[in-house]
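Got a structure for you, written out below as C-alpha cells; questions coming shortly.
Each value in this text was obtained by applying a stated rule to the coordinates, not by laboratory testing. Just so it is clear, the structure is predicted and the values come from calculations on it, not from any experiment. Positions of Cβ are generated from backbone atoms using ideal geometry, with glycine treated the same way; all protein chains shown enter the neighbour counts.
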C-alpha cells in the first residue's frame with residue numbers, strides 16, 4: 001500500500017520560459033538513469049533481498065524516488081504549460097508536440113520511450129545492490145549535466161537537492177551491501 | 001497560494017525531509033538510539049503541523065490518513081505541480 005501526500009518533497013521554482021530545458025529534464029523523467037528507472041528498479045528488487053534491512057531500504061528509497069519523479073514532472077509541466085505549438089516548434093520541441101502536446105511523457109531527452117530494459121533484478125542481492133550504487137552515480141552525473149544546461153537559479157536549486165539525494169542513497173546502499181556481505185561470509189560481529 | 005499556507009507547507013516539507021533522511025539512516029543503523037530520538041522528536045512536531053495545515057487548507061492525504069470535515073476538500077486545487085510556491 002502507498003499513501004499519496006498532496007505536496008512536493010522539495011519546492012519547485014521555475015523563473016524563466018525555457019522549453020528546451022523541459023526536453024533536457026526528461027532525461028530524469030524517462031531516461032535510462034531517471035527517477036522512474038530508480039523507483040521501478042528498487043521497488044522490484046526488494047522482493048528477493050535476503051535481509052530485512054535491505055528490504056526496508058529498497059522500499060524507502062524506491063518510495064523517495066517516486067517523490068523525485070513528481071518533482072521532475074512538475075518542472076517539465078511548468079516549463080511547457082504556456083507554450084504554443086509555434087513556440088514549441090521553434091524551440092526544437094515540434095516532435096514532442098506532435099505526439100504529446102504539452103503533456104509530460106516518460107521518454108529520454110532524445111525522445112526514446114522508457115523501457116524496463118534500463119533496469120535489472122537478478123535475484124542476486126550483491127549484484128543488484130552494485131547496480132543500485134552505479135545507478136545512483138549515473139543519476140548524480142546526469143544531474144550535474146542538467147545543472148550546467150540551465151542558468152535559472154530556481155531550477156538549479158531543485159536539481160542540486162536531487163543531486164545530493166543520489167549521494168545519500170549511494171551511501172545507504174553501500175552500507176546495506178556491506179551488511180549482506182558480512183552475513184554471507186559469517187563475519188558479522190554483534 | 002496564500003503566503004501563510006506556503007510558509008506552513010515549507011515548514012512541513014523541511015520537517016518531513018528530516019524524517020525521510022532519518023528513516024533511510026535508521027534502515028542501515030537500526031540499533032542507534034540518538035537518531036531514533038531525533039526521529040520521534042521531528043515526527044511529533046510534523047504531525048502537529050500537518051494537523052494544523054489540514055484544518056486550515058484541506059487534506060494532505062486520503063485513504064483514512066486523517067478525519068475529514070464537510071465538504072470533501074481533497075478535490076480542491078491547486079495540486080502540487082500547479083504552483084511555484086510549493
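Across the stretch B:57-81, which residue is nearest to residue A:81 (Cα to Cα) among those that are at the interface with chain A (Cβ under 8 Å from one of its Cβ atoms) and not in a loop (DSSP other than H, G, I, E, B)?
B:81
Taking the stretch B:7-18 on its own, how many of its residues are within 11 Å of chain A (Cβ to nearest Cβ) and surrounded by 15 or more Cβ atoms within 10 Å (Cβ to Cβ)?
Matching residues across the stretch B:7-18 total 6.
Scanning the stretch A:149-166 for residues that are assigned to a helix (DSSP H, G or I) and over 15 Å from the mean Cα position of the chain (by Cα), which turns out surrounded by the fewest Cβ atoms within 10 Å (Cβ to Cβ)?
So in the stretch A:149-166, the residues assigned to a helix (DSSP H, G or I) come out as A:153-166.
From what's left, over 15 Å from the mean Cα position of the chain (by Cα): A:153-157.
Working: A:153: 10, A:154: 17, A:155: 24, A:156: 15, A:157: 14.
It comes out as A:153.
Just give me the residues in the stretch A:92-104 being in a loop (DSSP other than H, G, I, E, B), crowded, with 18+ Cβ neighbours inside 10 Å and more than 12 Å from chain B (Cβ to nearest Cβ), in sequence order.
Correct list: A:93, A:102.
Counting residues that are within 30 Å of residue B:28 (Cα to Cα) and within 11 Å of another protein chain (Cβ to nearest Cβ), which helices (runs of 4 or more DSSP H) fully inside the stretch A:15-84 reach at least 3? First the steps, then the outcome.
Numbers: elements: A:19-30, A:35-45, A:52-80.
Result: A:52-80.
Suppose we filter B:16, B:34 for residues that are closer than 21 Å to residue A:172 by Cβ, under 17 Å from the mean Cα position of the chain (by Cα) and not in a loop (DSSP other than H, G, I, E, B); which single one remains?
B:16
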